[in-house]
1. Return the only residue of E134, E149, E156 being closer than 20 Å to T33 by Cα, out of contact with any strand residue (DSSP E or B) (no Cβ under 6 Å at 6 or more places or on another chain) and assigned by TED's automatic domain parsing to the domain that holds I171.
2. Going residue by residue through the range 147-169, is there one that turns out to be closer than 19 Å to L114 by Cβ, among the charged types (D, E, K, R), part of a helix (DSSP H, G or I) and touching a helix residue (DSSP H, G or I) at 6+ places or on another chain (Cβ under 9 Å)?
3. Looking at (1) in contact with a helix residue (DSSP H, G or I) (Cβ under 8 Å, 6 or more places away or on another chain); (2) over 21 Å from R78 (Cβ atoms); (3) surrounded by 12 or more Cβ atoms within 10 Å (Cβ to Cβ), which is the only condition A186 fails?
4. Please determine, by comparing only the residues of the range 94-140 that are β-branched (V, I, T) and more than 13 Å from the chain's Cα centre (by Cα), which one is surrounded by the fewest Cβ atoms within 10 Å (Cβ to Cβ).
5. Please find, among R108, R104, the residue that is of a type in the set (D, E, K, R), in the same structural domain as Y178 (by TED's automatic domain parsing) and assigned to a helix (DSSP H, G or I).
6. Could you count how many residues in the range 55-77 are under 23 Å from F132 (Cα atoms), without any contact (Cβ under 8 Å) to a residue 12 or more places away in the chain and in a helix (DSSP H, G or I)?
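The values are calculated or read from the model by the stated rules, or taken from the named source; none is laboratory data. Treat the numbers as computed from the prediction; the structure is a model and nothing was measured. Here the Cβ positions follow ideal geometry from the backbone for every residue, glycine too, while neighbour counts run over all protein chains shown.
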Amino acid sequence: MRATVKPPSQQAPAPGPGRPRDGAFDERILDATLALLAEAGYQAMSLDDVAAKAGVSKPAIYRRWSSKAQLATAALARLQAASAPERSGAPRADLVTLLASFRRLLLRPNGLALIGTLLAEEHSNPELIALFRERIVATRRAQVRALLEDAAARGELRRGADLDAATNALIGSFYARYLSGERIGADWPERVVALVWSGLAR
């Protein structure tokens, strides 16, 4: 099986000169950030709160992440990367598995509501939105697109299939389902893959 490789934007920054980075220390900060994002949302979360919850100093956070936006998106990117499943080599089955992991992330406490708090910052905090799109949105789209491209290379999809539209349909269906007020059931990943695949397959 092929392990998922993190793109550069999700990898931990290289340590600078001096004492080596303490991975466990970083994990505490990122865990505290995720917890506070889920509890209070982005706007209400402060770096003082993160420092207190993680049991670290505020300057220690700034030595690792230069802004609140950098920290919040690093925490979300780490969570997404940790949940990414390995590939089995069967693109259709892997799509279902990937979207099932996406569903679990969205259904975390306040998972989808948290995304709303980030998007609400679009006009007042362009750095946050740019990082969110780069580290989380683009990464998820790249994972889905890669599986569709694998299927196309194997001859499983018809020539000229619109993989960009398929990527949007697969991911966007979760947001549409949530906004409709309907439950995103455990069968949803299989249902949406089956529907999209029927329009792509040879």
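1. Checking each option against the conditions leaves just E134.
2. no
3. Here A186 meets the rest and fails (3).
4. The extreme case among them is T117.
5. Criteria check complete, one pass: R104.
6. Total meeting the criteria: 2.
Listed here are the residues, each with its yes/no results for (1) at pLDDT 55 or above; (2) within 20 Å of R63 (Cα to Cα); (3) not in a loop (DSSP other than H, G, I, E, B).
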site: K6; (1), (2), (3): no, no, no
site: S9; (1), (2), (3): no, yes, yes
site: A14; (1), (2), (3): no, yes, no
site: P17; (1), (2), (3): no, yes, no
site: A24; (1), (2), (3): yes, yes, yes
site: D31; (1), (2), (3): yes, yes, yes
site: A35; (1), (2), (3): yes, no, yes
site: A38; (1), (2), (3): yes, no, yes
site: Q43; (1), (2), (3): yes, no, no
